[in-house]
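> Please see the structure below; I have some questions.
Every number here is computed from the coordinates shown, using simple stated rules; none is lab data. Keep in mind that what you see is a predicted model, and the values were worked out from it rather than measured. Neighbour counts are summed over all protein chains in view; Cβ atoms, including those assigned to glycine, are modelled from backbone coordinates with ideal geometry.
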Amino acid sequence: MYQNNPYRVATKEVRLSYAHLNEMYYANPQSPGQKPKYSVTLLIPKSDTETKKEIDNAIKAAYEKGVKEKWKGARPQMNSPLIHDGDGLRTNGTPFGPECKGHWVITASTSRKPGLYPITNINTPLQPEEVYSGMYAVVTMSFYNPVQGNPVACSLDNVFKTRDGEPLSGGPSGQADIAGLDVSAYLTPPDIGGVATPGYGGAMPATPGQMTQQNVGYNPAGQPIGTPQINPITGLPM
């Protein structure tokens, strides 16, 4: 029970998977009449028995409310459980992903954009790039009786990010990739003064064409500077 409401739950820290929190998402595009929603799957450590108990109690309370107020005493069967054992199988018989091992798994969704905040500052909403599958958060959610489908459904309320985690989708993080790079190899060496031009010889003369014998280089005849030039006609030094 959260805030004295038997149908609401505030989790302890959980990990987010299949996080579609910045934009609406069609869970099953082929399903007729389906509407897009914001949704997220929560991975709840099995060691967190308190959150698991709170969810079980909220599901039971929502179901009993439906029996009393909606179904006139009838007790419809749950089509599928809302919370799953991550060490078991999905409803379609396939195993859950490795990230689900050792966790309880539950999906919450909403047609209203959920609040997304850092847990330390409710006045500053998270930026889209700060919200992703793999991060950790505290999540508030509500259980209710939908118009159709399962007798009880889970509605996502708000997400309060507690810390970053290894992304579960979308490729490796920038932090992970930069750790393997030699950043110094891509930096421009600092200007520490000295020769402004590449060391291909001496500095260029102040006036083009006025190369002197003191410079290191070659004269127009192709001889090293410092070697007297020979007049090709007289054979005497120039």
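> Using mean Cβ contacts within 10 Å as the protection proxy, how do 49-62, 72-85 order, highest first? Could you put the intermediate results ahead of the total?
Details: 49-62: 16.9, 72-85: 11.6.
Ranked from most to least packed, the peptides come out as 49-62, 72-85.
> If you project the alpha carbons of region 79-129 onto the principal axes, what extent comes out on each, in Å, largest first?
The Cα atoms of region 79-129 stretch 42, 24, 17 Å along the principal axes, largest first.
> Given points 7 Å out from each Cα along the Cα-Cβ axis, report the THR94 to ASN22 separation in nanometres with one decimal.
Here the modelled spin labels are 2.5 nm apart.
> Something else about it: Using 7 Å Cα-to-Cβ label points, what is the TYR136/GLN3 separation (nm, one decimal)?
2.5
> If you don't mind, another one. Arranged from highest to lowest average of other beta-carbon atoms within 10 Å per residue, in what order do the peptides 102-111, 123-132 appear? Spell out each step's value before the answer.
Numbers: 102-111: 19.5, 123-132: 12.7.
Highest mean packing first, the order is 102-111, 123-132.
> Moving to a separate point now. Region 24-154: Rg/Rh from Cα coordinates, Kirkwood Rh? All intermediate terms of the calculation are to be shown ahead of the outcome.
Numbers: Rg = 16.2 Å, Rh = 16.7 Å.
Using only Cα positions, Rg/Rh for region 24-154 is 0.97.
> Using a Förster radius of 25 Å, what is the FRET efficiency between LYS113 and GLU166 based on their Cβ-Cβ separation? Nearest 0.05, please. Intermediate results must be reported in sequence, preceding the final value.
Numbers: r = 26 Å, r/R0 = 1.03.
Efficiency computed from Cβ-Cβ geometry: 0.45.
> If you take every residue apart from ASP85 with its C-beta less than 11 Å away from the C-beta of ASP85, what net charge results, scoring Lys and Arg +1 and Asp and Glu -1? It would help to have the intermediate numbers written out before the result.
On the way: positive: LYS46, LYS52, ARG90, LYS101; negative: ASP87.
In short, +3.
> Using the beta-carbon distance between SER31 and GLN127 and R0 = 41 Å, what value does 1/(1 + (r/R0)^6) give for FRET efficiency, to the nearest 0.05?
On the way: r = 32 Å, r/R0 = 0.77.
Given R0 = 41 Å and the Cβ-Cβ separation, E is 0.80.
> Rounded to the nearest 5, what % of DSSP beta bridges with both residues in region 22-155 are antiparallel?
Numbers: 16 of 17 bridges.
So the antiparallel bridges in region 22-155 amount to around 95 percent.
> Rounded to a whole number of µm²/s, how large is the Stokes-Einstein D of region 1-87 at 25 °C and 0.890 mPa s, given Rh as the Kirkwood radius over C-alpha pairs? If you can, show how the numbers build up before the last one.
Values: Rh = 15.3 Å.
So the translational diffusion coefficient is about 160 µm²/s.
> Quick one: net charge around PHE143, please, counting Lys, Arg +1 and Asp, Glu -1 for every other residue with C-beta under 12 Å from its C-beta. Could the numbers behind the result be given before it?
Working: positive: ARG8, LYS60, LYS65; negative: GLU54, ASP56, GLU64, ASP157.
It works out to a net charge of -1.
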